[in-house]
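Okay, so here's the structure we're looking at.
Please treat every number below as a calculation from the coordinates, not as lab data. These numbers come from a predicted model, not from an experiment. Note that each Cβ is placed from the backbone with ideal geometry, even for glycine, and that neighbours are counted across all protein chains shown.
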Amino acid sequence: MDDVTFEGLGAAQLAARLSLPQCLVHERVASTMDAAHAAAADGAAAGTLVLANAQDAGRGRGGKRWTSPPGGGLWMTLIERPASPQGLEVLSLRIGLRVAAALDALAEHPISLKWPNDLQVQGAKLGGILVEARWRDLRIEWVAIGIGVNVRSPLGVEAATGLRAGTSRLEAMGCIVPALRAAAHLEGPLTAAELAQFASRDAATGRRIQQPAVGVVRGIGATGELMVETEAGIMACRSGSLVFAENR
C-alpha cells in the first residue's frame, strides 16, 4: 500500500492536498468500508480517508455488493470519531445535501437526491452513500462514511451516469471530502433550512411508490423518515429502499 498512488499522488501528498491527517491508498480492495473499519480498530485518527483505485466487493445498504472498476470513479470511506451520536440517524441525508451542492458545478445538470442515500442526475444514479457506526459500552467509537461517485459514466449501464466530461477524480475529490467532514460534525435533527434544501433536490416528492410503502411521497421528516401518503394516512418510513411505481 505504501507505494500505491492515486492520480499520480502518494498518500502523504493526498493528505496534504485535502488537509487530512492521513490517507490510506489501495490499488484494489474488497471494500473501502471494510478497510476503514480495520484501520479505525487499529487507531486511525478522525479524518483518515481510505480510498482505492478499484473495489471487488463494494458494499451498500442491505448488504448489496458490486464491483468498482479502476479509474472510473471515487470509491472511498472517511473515518470520523464524533463525541456524540446525536445526528447519526440523518447523517447520510446531510452528506447527500452537502455533496450534491459541492458537485453541482461539475455536473451537466443539477444533482437530485433519492431517499435515503442516492445521488442522481436526471434520474440516473451518480453515486451512493453508506454510513456505519461502531460502538463500545454504549458509546460511539467511530463512524465510517462510505461514498462512491461515478466520475465517468459506466459503460453499458443505462441507469447510471457520471460527472461532466473532462472532470478529474482529484477535482471531484476536492469537492467531496470537505462536504463529508462538514456534515459529520453537525448534530441534531435536520433543520428547517436543510429540509428546504432537500425538498429542492428531492427526486421522489409527489411520485407514487411501491416500497417501502404503497402511496405517494410527501417529503421527509426532521429525523430522516420518508413521509408517504397511503390510503390509511401519512406513514413515516424509517428503513427500506424507495421503489417507484412508475418510470418518469
Subject >> Distribution of pairwise C-alpha distances over segment 142-240, 5 Å bins, in % >> reply: 2, 10, 14, 15, 17, 18, 14, 6, 2, 0
Subject >> Long-range HN-HN contacts of ALA160 with modeled amide H, under 5 Å >> reply: LYS125
Subject >> Neighbour-count ranking [beta-carbon atoms within 10 angstrom, fewest first] of VAL50, VAL217 >> reply: VAL217, VAL50
Subject >> Table column - 3J(HN,Hα) (Hz), segment 93-98, Karplus curve with 6.51, -1.76, 1.60, x for Gly and Pro >> reply: 5, 4, 5, x, 4, 6
Subject >> Average silhouette area of segment 74-197, convex hull of alpha-carbon atoms, in square nanometres >> reply: 7.6 nm²
Original post:
Could you work out the helix-only [θ] at 222 nm for the chain, with each DSSP H run of four or more residues adding -39,500 (n - 2.57) and the total divided by the number of residues, to the nearest 500 deg cm²/dmol?
Top reply: -7000 deg cm²/dmol
**OP:** Mind jotting down the three principal axis lengths of segment 8-55 based on Cα atoms? Whole angstrom, largest first.
**Re:** 25, 24, 11
Original post:
Restricting attention to the alpha-carbon atoms of segment 204-244, what are Rg (one decimal) and Dmax (integer), both in Å?
Top reply: 8.7, 23
**OP:** Determine, for MET173, MET76, MET33, the number of other Cβ atoms within 10 Å of each Cβ, and report the residues in order from fewest to most.
**Re:** MET173, MET33, MET76
Original post:
So who's got an amide H within less than 5 Å of the one on GLN122, skipping anything under 5 residues away but keeping other chains? H placed 1.01 Å off N, in plane.
Top reply: SER112
Subject >> Residue among ILE145, GLN22, ALA36 farthest towards the positive dipole end of the chain, charges placed on Cβ >> reply: ILE145
Original post:
Computed over the Cα atoms, what is the radius of gyration of segment 10-157 divided by 2.2 N^0.38 Å, N being its residue count?
Top reply: 1.03
Original post:
Assigning unit charges at the beta carbon (Lys, Arg +1; Asp, Glu -1) and nothing else, what dipole magnitude in debye, to the nearest 20, does segment 105-248 show about its Cα centre?
Top reply: 260 debye
